[in-house]
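The values are calculated or read from the model by the stated rules, or taken from the named source; none is laboratory data. Predicted model, so just to flag it, every value in this text is computed and none were measured. A quick note on method: Cβ atoms are made from the backbone with ideal geometry, for glycine too, and the neighbour counts reach across all protein chains shown.
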Amino acid sequence: MKPMDKYDQPMLSAAGFEAGFSGYSWFGKDRSDNEWQAHLDDKSVFSFRTREGEGLWGATSPMSLMDFRKLFQLGEHE
């Protein structure tokens, strides 16, 4: 499956992600209230990682749109 790319950015907004200061990273929470960062790489593909502790982030990896929809509430956030 194709990983999410810059054209899928509206899906991040619909899931409640907010842009960081640089505009290349977005931050949001999944259905289980885990914090995530989505970062746009130099090939215009989003890489995702979760917060694993205070100031610690996990490994980054691309995510398909289907997997994203399973993890995040689209248009259902507060």
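Of the residues making up the range 29-58, those that are at negative phi and in contact with an Asp or Glu (Cβ under 7 Å, 6 or more places away or on another chain) are 29, 36, 45, 46, 47, 50, 51, 58. Listed by first and then second residue, the pairs linking a residue in the range 55-67 that is more than 10 Å from residue 38 (Cα to Cα) to a residue that is charged (D, E, K, R) and loosely packed, with under 13 Cβ neighbours inside 10 Å, with Cβ atoms under 7 Å apart and 6 or more places separating them unless they lie on different chains, are 58/52; 64/2. The combined condition, being touching a residue at least 12 places away in the same chain (Cβ under 8 Å), aromatic (Phe, Trp, Tyr), surrounded by 14 or more Cβ atoms within 10 Å (Cβ to Cβ) and not in a loop (DSSP other than H, G, I, E, B), is not fulfilled by residue 27.
Going through (1) in a loop (DSSP other than H, G, I, E, B); (2) modelled with pLDDT of 95 or more one by one, residue 43 falls short only on (2).
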